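Below you'll find the structure, written out as C-alpha cells, and then a few comments.
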Amino acid sequence: MTFPRALASALALLVLATPWTVSAAKRRPAPKSTVSYAAPAGNVPAGHLHGATFDAVLPSGRIVTPAGTSVLTGMNALGVALTPDGRFAIVTCDDEREGSVHSLVDANAVGGYSLAVVDVATMQVVTRYHAADERYWVGVAALPDPQNPARTLVLASGGPANVVYAFTLDANGKLAPDARHVIAMPAPVEPAFADQGHSFPGTLVLAKDNRRAYVVNEAAETVSAIDTATRTLSGPAARVGFFPFGAALAGDRLIVSNEGLMRYAVMPQTAPVPPFRTVAGDVQRASSLSFVPLAAGGDLSALPQSAPPFANAALAMDPAPDGMRTVGGAHPTSIVTTPDGAYAYVAMTNVDRIATVALNGTPHAVGGTELRLFDRGPYGTQPAALALSKDGSRLYVALAGLNAVAVIDARDPVRLHRLGLIPTGWYPTALALSADDRTLFVANTKGYGHDPNFTGDPPAADANAVWSTLQKVDLSAVRLGSATLTTLANTRRVVTAPVTYPKGITHVVVILEENKTFDAMLGDLGPPYGDPSLVAFGRSVTPNLHALAERYGLAVNMFADAEESDAGHQFFAGGMATLYSERTLFDKNGRTPLVNKNEDPEDYPRLGYVFNALARKRVPFRDYGDLIRVSGYDEGGAADPKTDDPAFAGVDDREAPTQGLGGLYALDVPAPAVLADNVDPNYPGWNLRIRDERRAREFIRDYGALAARGREPRYTYIWLPADHGGFGRNIPPLPEEVADGDRALGTIVDYLSHRPSWKHTALFVAPDDGQSSRDHIDVYRTYTIVAGPFVKRHYTSTRHLSTVSILKTSEQLLGLGRLALGDLLATDMSDFFTARGGDAAPYAAIPVPAQTASAEGTRIAALLARTDQTRPDADSARGARIVTLSREADALAARRAALPAARYRAEQDALYDAALAVLR
C-alpha cells in the first residue's frame, strides 16, 4: 500500500462515526457548555459499597456494580479462555509483585503469577496453579489435545520467561504440567536492538483445526506457530510491526495488530539527556495491521510477505502523531473477524473506536463506530477486548476505562450501531463468549480493588494488592436500557451549576511528592481524619508539610488514581493511564530495559499531557524533573556517583549545584517533544543520591533566571522524588530522605511566596500514590495541600477527590480544556478557593533538624538490601513493611529510658523477627 492511500484509510478511521444509542433510542446530543461532571461518590471514601464483596467505590470516585455473578481469581488478570466443553474458564493472572499476599475475602486466593480454573456453573475457583519459577502474560488457550482428544490441552503464554507453557486439564479442573511443558520462543532476530533477547510471548490464537497455535511475541515483534500435537515450534517466526498485541485468523492469513510506535535501538554511547522529539512515522510497522500468510499445513508461510497475493502486507491504522494535536498513537489491539471472513473489527484503544476493515482484495478501512462517552468527548473509554457472536450479529467490547461492556449491533459490519452498556468490575480487559452465545465472561483486571477494610496491615502487602475478578453475565437476563443507565450513573455525576474560580489566579504550581498515604505523613493531625498510630513521618520529620496543611487547604478524602508510581505519574500529568501502561505495570521485569517507568511513546495518551495542552493554548510552562525517565535511563545507578551527578560531594551534601538530569540514557527512546525547551536541563529526575534540597536550589536558580528575562511560567510542575525512600550506598537514612524532601518543600514555597506573582498563584502539593505505607481508611488515600492567597485558610475538604482532580482544577484555572475522560469526570477542587483573596503573606520555611535512625531501626532498614532493588518499587510491598517496622523500632528507641531493659530488648527483637518474616 502506498503511503498516501494508507494515510487516507487511517484518517477515515478517526472520522467515521455512528451515534451512541440506548436500546435504539435517539441520538445523545453533545452536552451543553454549562454542564460539567464530578465523581458520583460525592463524599463517600473509596472502599466496598454497602458491604458487598464485588461492589465498590473506586479511588476515582466512580462506582462498580458488576452485573451477573463474580468470583475472585488472583491479581492482574489479563486473559481468559473457555474449555472446549464450556465447563471451565481459565484465567491468567500476571502479577510480579504480590506473590505472598493472600486475600481477606478468599484465603485460597494469592497474588503473584497463577492460572485460575473456574467452574462456570458454580462460579467457584476449583484450582489455582502456580509454580515458583513460572511467569505468565495475557495469552491462554484451551483445546482438545491432539494426542488424546478426550483430554484438554491448555497453553499459557509465559511472557517474562520467553516461553509458552503446556498443561493438561482433567475432568475436575485440575491443571498439571504436560510432559513437554516448556516451549521456548525464538529470540529477536536483530540483537543490536534493545530487547536483550526477550521475545515476551502474549496473545495466543488457535487454528480452526487446533493443529497450530499462533503466538504473538511482543518484544521480538514476531509471531510464531506451535505444533499442538508435538508441543514444539513449527517453522520460522514471521516479522510483524512494533509491539504487536492482538491477532485473529482470516482464511489463509493471520492478522496481527501492532500497537507500538517505534523499536528502541541501543545508542553508540550514553547521553546526558534523552532526545526530545516526536516519533517518526512508519506506515508498515507503527499503529498498523500486519497480514501474515499461512502455508497449507497451517505454518507461517516461508514466502516473503511482499510476494503475491500478499503484496500489501500491512495496513496503516493511524497517521503518525504530530506531537501537538495528536501525541499518542491510536493503539490497535484486539481483533475479531466475521464468520464469513470478509471483515475484521479492530479495537483502536487509544482513540475509543472500533474500526471495520474489509478483507476482500486489498485490506482497507470501511467504517466502524466511536465509543467515546459522548460525541466529540475526550478519549478514555479504552476498548480493550472484543467478542463476536457466532452469527456475527452482536459485537461485545470491553471498555476498560468505563468499567463496562459495550453491546453493538454488527449485522451491518460497515455501519455498527451501539445498543447499550453492561456494568462490569474495575478495568475489564478480556472477554470470552460461550458456545451458545448466551453467556459472556469478563476478566476484570482490577476487579473490586483492595479487600474490604484493607489498610496495608497484612505482612508484605501495600497498595499494589489489587484483586482481579471473573464476571459471568447471562445475556438473556440483561435489560440494556437499565444496564446502560446504571453504568452511566456509576461513571459520572452531572453538575449543572457552573464552576467558578477567582479571576485573580493566573499562575499554577504543582509539587509532586512520592508515594505516601495520608496517615503515614499527616495522621498525627488526629481524628476524625488521621490515625496517629499509623504515622511514619510525623511533624518532627515533616514540619513544613504539617504547617502548610494547617495554614491553607487540606484534602482529607483524596485518593490516588493509581496503585503504584508509574501509572501515578501518567494520571497526574495526563488524566489517564493508557491500556498499554496498565497492562505492563505488574509484569515488566522480563522486559528490561524496555518499559522502565511507563514514560515511553507507547504510554502517551492520545492528547498527551498537561504540557501539550499548555503548548496548544500557548501558556508558558516549565517542567522540573518529570516525564524524562524513558527506557534506557540508568536510574542514577552508575557505580561512580559522579557519572550521573558530576558535582556529587557525599551523602550529606546539600549545596552542590546540580548538573544534568541525574542519569545517563542508553537507548534512543524520545522524551515528549513538547518538553524540549520547557524542561530545566539541570534539574535532576530520579536519582536518590541527589538530595531534594539541591533540587530546590536549582529550581530557584532556574526560575529566577526565567523571571528576570520576563519568561516566568504560568504553569510550573516540580517533582521532589527523594522522600520516596530507598536503600543503598550514598543514600541517606530513610527518615533523613523524607526530611530532605520536607526541607525542599519549605524552601520552594518560601521562595515562591515572596515573589510578586504569589498574589496570583494557586499551589498544589500531593504524592503520586499511596504505595509503601498504611492508612486507616484505605491505602489509596493520600493528601493534597492547596495554598495561595485565594485559598481558604484552615480549610478541610471532604469531597471525594483523586489525583486527576488536581489536573482538572489546573485546567479550569488556566482555561486548557480536557485531556482525557479521567479529568473530565473527576471532582474539581473549586471549594478550596475564595473570591476575596488578599492574604498574600509569605510563608517562612521551617528548619528541619538532621534525622538519624536508631541502631535498631537501621538494623531493620538494612534488610531492604535483601529485597528486589533492581528498580524503584520492584518489591514495594515487602519494602513497605520493612520501612514500617524500621520506623516502629525508631519510635521504640525514643522511649527506651522509660522501659525496663529486658522488655525493651524483647520488643526490639520481636520487631526484627517480624522483619525477617517479611523476607521469608
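The values are calculated or read from the model by the stated rules, or taken from the named source; none is laboratory data. In this text, all values refer to a predicted model and were calculated from it rather than measured experimentally. As a convention, Cβ positions derive from the backbone with ideal geometry for all residues, glycine included, and neighbour counts pool all protein chains shown.
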In region 531-556, anything assigned to a loop (DSSP other than H, G, I, E, B), surrounded by 24 or more Cβ atoms within 10 Å (Cβ to Cβ) and modelled with pLDDT of 95 or more is listed as Val541, Thr542
Residue set Leu807, Leu801, Leu819; condition buried (at least 24 other Cβ atoms within 10 Å of the Cβ), touching a Ser or Thr at 6+ places or on another chain (Cβ under 7 Å) and more than 22 Å from Gly538 (Cβ to Cβ); output residue Leu801
For region 580-615, the count of residues that are at pLDDT 90 or above and at positive phi equals 2
Item to check | Phe276 vs. criteria modelled with pLDDT of 95 or more and under 28 Å from Val679 (Cα atoms) | outcome: yes
Of the residues in region 800-844, those that are charged (D, E, K, R) and not in a helix (DSSP H, G or I) come to Arg818, Asp828, Arg836, Asp839
The strands (runs of 3 or more DSSP E) lying wholly within region 390-456 that contain at least 1 residues that are out of contact with any Gly (no Cβ under 8 Å at 6 or more places or on another chain) and of a type in the set (S, T, N, Q) are 426-433, 439-449
Listed by range, helices (runs of 4 or more DSSP H) wholly within region 557-655 having at least 3 residues that are more than 22 Å from Ala744 (Cβ to Cβ) and either touching a Lys or Arg at 6+ places or on another chain (Cβ under 9 Å) or not polar (S, T, N, Q) (or both) are 565-574, 579-584, 610-616
Checked against (1) among the acidic types (Asp, Glu); (2) in contact (Cβ under 8 Å) with a residue 12 or more places away in the chain; (3) assigned to a loop (DSSP other than H, G, I, E, B); (4) not assigned by TED's automatic domain parsing to the domain that holds His794, Glu907 satisfies every condition except (3)
Of the residues in region 35-73, those that are among the polar types (S, T, N, Q) and either farther than 27 Å from Asp119 by Cα or assigned to a loop (DSSP other than H, G, I, E, B) (or both) come to Ser36, Asn43, Thr53, Ser60, Thr65, Thr73
Of the listed residues (Val205, Val154, Val189, Val182), the one being modelled with pLDDT under 95, out of contact with any helix residue (DSSP H, G or I) (no Cβ under 6 Å at 6 or more places or on another chain) and over 18 Å from Thr584 (Cα atoms) is Val189
Just one listed residue, out of Pro304, Pro309, Pro268, is at pLDDT below 95 and assigned to a strand (DSSP E or B), and it is Pro268
- [ ] Check whether at least one residue in region 790-798 is over 29 Å from Ala707 (Cα atoms) and assigned to a loop (DSSP other than H, G, I, E, B), and report yes or no.
- [x] yes
Of Ala39, Ala77, Ala89, the only residue that is surrounded by 24 or more Cβ atoms within 10 Å (Cβ to Cβ) and under 22 Å from Thr517 (Cα atoms) is Ala39
Margin query: surrounded by fewer than 13 Cβ atoms within 10 Å (Cβ to Cβ) and not assigned by TED's automatic domain parsing to the domain that holds Leu548: is that true of Thr870 in this structure?
Written below: yes
All conditions in (1) in a loop (DSSP other than H, G, I, E, B); (2) among the hydrophobic types (A, V, I, L, M, F, W, C); (3) in contact with a helix residue (DSSP H, G or I) (Cβ under 7 Å, 6 or more places away or on another chain); (4) more than 24 Å from Thr73 (Cβ to Cβ) are true of Ala497 except (3)
When region 845-879 is checked residue by residue, the ones that are among the charged types (D, E, K, R) and outside any loop (DSSP other than H, G, I, E, B) are Glu856, Arg859, Arg866, Arg878
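Results for (1) surrounded by fewer than 24 Cβ atoms within 10 Å (Cβ to Cβ); (2) out of contact with any helix residue (DSSP H, G or I) (no Cβ under 8 Å at 6 or more places or on another chain), shown as yes or no for each residue.
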| site | (1), (2) |
| --- | --- |
| His760 | yes, yes |
| Gln771 | no, no |
| His776 | yes, no |
| Ile785 | no, no |
| Thr796 | yes, yes |
| Leu813 | yes, yes |
| Leu825 | no, no |
| Asp831 | yes, yes |
Selection from region 156-178 of residues of a type in the set (Gly, Ala, Ser), assigned to a helix (DSSP H, G or I) and out of contact with any strand residue (DSSP E or B) (no Cβ under 7 Å at 6 or more places or on another chain) yields Ala161
- [ ] Within region 747-755, identify whether any single residue is crowded, with 24+ Cβ neighbours inside 10 Å, over 31 Å from the mean Cα position of the chain (by Cα), aliphatic (A, V, I, L, M) and farther than 28 Å from Val651 by Cβ, and answer yes or no.
- [x] yes
Every listed condition ((1) of a type in the set (S, T, N, Q); (2) surrounded by 23 or more Cβ atoms within 10 Å (Cβ to Cβ); (3) free of Cβ contacts under 8 Å to residues at least 40 places away in the same chain) holds for Thr658 save (3)
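The rows are residues; the columns are (1) hydroxyl-bearing (Ser, Thr, Tyr); (2) modelled with pLDDT under 95; (3) under 20 Å from Arg277 (Cβ atoms).
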position: Asp626; (1), (2), (3): no, no, yes
position: Gly632; (1), (2), (3): no, yes, yes
position: Ala639; (1), (2), (3): no, yes, no
position: Gln659; (1), (2), (3): no, no, no
position: Gly662; (1), (2), (3): no, no, no
position: Ala676; (1), (2), (3): no, no, yes
position: Asn682; (1), (2), (3): no, no, no
_Residue within region 352-363 that is assigned to a strand (DSSP E or B), modelled with pLDDT of 95 or more and more than 30 Å from Leu824 (Cα to Cα) present_ = yes
